[in-house]
1. Sort through GLN208, GLN92 and tell me the only one that's closer than 21 Å to ALA47 by Cα, free of Cβ contacts under 8 Å to residues at least 12 places away in the same chain and either touching a Lys or Arg at 6+ places or on another chain (Cβ under 7 Å) or not aromatic (Phe, Trp, Tyr) (or both).
2. Within segment 173-201, how many residues turn out to be farther than 26 Å from GLY110 by Cα and touching a residue at least 12 places away in the same chain (Cβ under 8 Å)?
3. Can you pull out the strands (runs of 3 or more DSSP E) entirely within segment 95-209 that have at least 1 residues that are open to solvent by 40 Å² or more (accessible area, probe 1.4 Å) and touching a helix residue (DSSP H, G or I) at 6+ places or on another chain (Cβ under 6 Å)?
4. Just to verify a result, which residue in segment 15-72, among those that are in a helix (DSSP H, G or I) and modelled with pLDDT of 65 or more, is farthest from the chain's Cα centre (by Cα)?
Amino acid sequence: MNHRTAPAALVTLAALTVLVACDNDDPAGGAKPATTQAIACSAEYHAPDGDLLHPESVWSTAPYTRSEASLTLSAGCPQAPAAPSTSCDPAQFPWSASDDLNAARVRAAGVDTWIKSTITGGGAGQGLTQQILKLRLADATTAVNRFRDHLLQCGASTVVETNGNPQVLLLEEAAKPRLLVDLANDRITALTPTGDGWTKQQLLQITQR
């Protein structure tokens with residue numbers, strides 16, 4: 001298929017490398033000063049083509065651009081603080097943290113792969129950020145429940161319900177859609193629109209493509 005996508009610019013991943021201080025035990029019993037050690041908490045990951053939206057599936061005509069940052073989160077991440085973020089800011093989803101422990105917190109929440117793509121275009125300064133959180137099978141149910149509870153605590157409304165549980169949830173501000181999250185069995189997909197003119201129906205149609 002010949003897509004009309006402009007060349008993607010890979011967003012820098014350096015900000016998601018976590019620096020931690022660890023104590024270096026001296027076998028002889030003498031304490032050594034703490035040292036700063038770089039731990040590879042994330043590695044670049046090339047998402048399969050079918051995972052991400054193409055700009056033309058959002059806007060039928062050019063110009064548009066897409067940038068992508070896709071990460072595999074390593075078991076080498078340092079232990080993230082137990083307290084989760086209490087943010088409800090749609091721009092900060094997945095609400096793990098806004099500091100340098102972001103990747104570590106996302107992994108601690110049960111996520112193995114974190115894919116983020118931003119599409120701009122459509123006129124009127126519109127943009128759309130798509131995030132896909134691929135979950136570890138053993139932690140998937142707990143992770144989905146945690147994200148669902150957080151969304152509901154933030155005042156999200158249920159758009160689609162499956163087996164009595166909210167599956168697709170929407171956060172709005174001033175009656176405008178700001179975050180749509182689909183909680184599937186093994187992944188969480190979030191759409192965050194920017195600019196004016198978006199509707200809930202548009203976002204739902206995009207998730208079904």
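The values are calculated or read from the model by the stated rules, or taken from the named source; none is laboratory data. In this text the structure is predicted, and so the values were computed from the model without any measurement. Positions of Cβ are backbone-derived with ideal geometry, glycine not excepted, and every protein chain shown enters the neighbour counts. Protein only, heavy atoms only, side chains kept; ligands, DNA and RNA dropped before computing areas. Shrake-Rupley method; radii C 1.70, N 1.55, O 1.52, S 1.80 Å.
1. Details: GLN92 fails: closer than 21 Å to ALA47 by Cα.
Result of the check over GLN208, GLN92: GLN208.
2. Filtering segment 173-201 down to residues farther than 26 Å from GLY110 by Cα leaves 173-177, 194-201.
Filter again for touching a residue at least 12 places away in the same chain (Cβ under 8 Å), leaving 173, 176-177, 194-200.
Final tally of qualifying residues: 10.
3. Working: elements: 111-121, 127-135, 157-162, 165-173, 176-183, 187-194.
Per the criteria, 176-183.
4. Within segment 15-72, the subset in a helix (DSSP H, G or I) is 15-16, 49-51, 55-58.
Then keep just the ones that are modelled with pLDDT of 65 or more; that gives 49-51, 55-58.
Working: ASP49: 17, GLY50: 17, ASP51: 13, PRO55: 18, GLU56: 22, SER57: 20, VAL58: 19 Å.
Per the criteria, the residue is GLU56.
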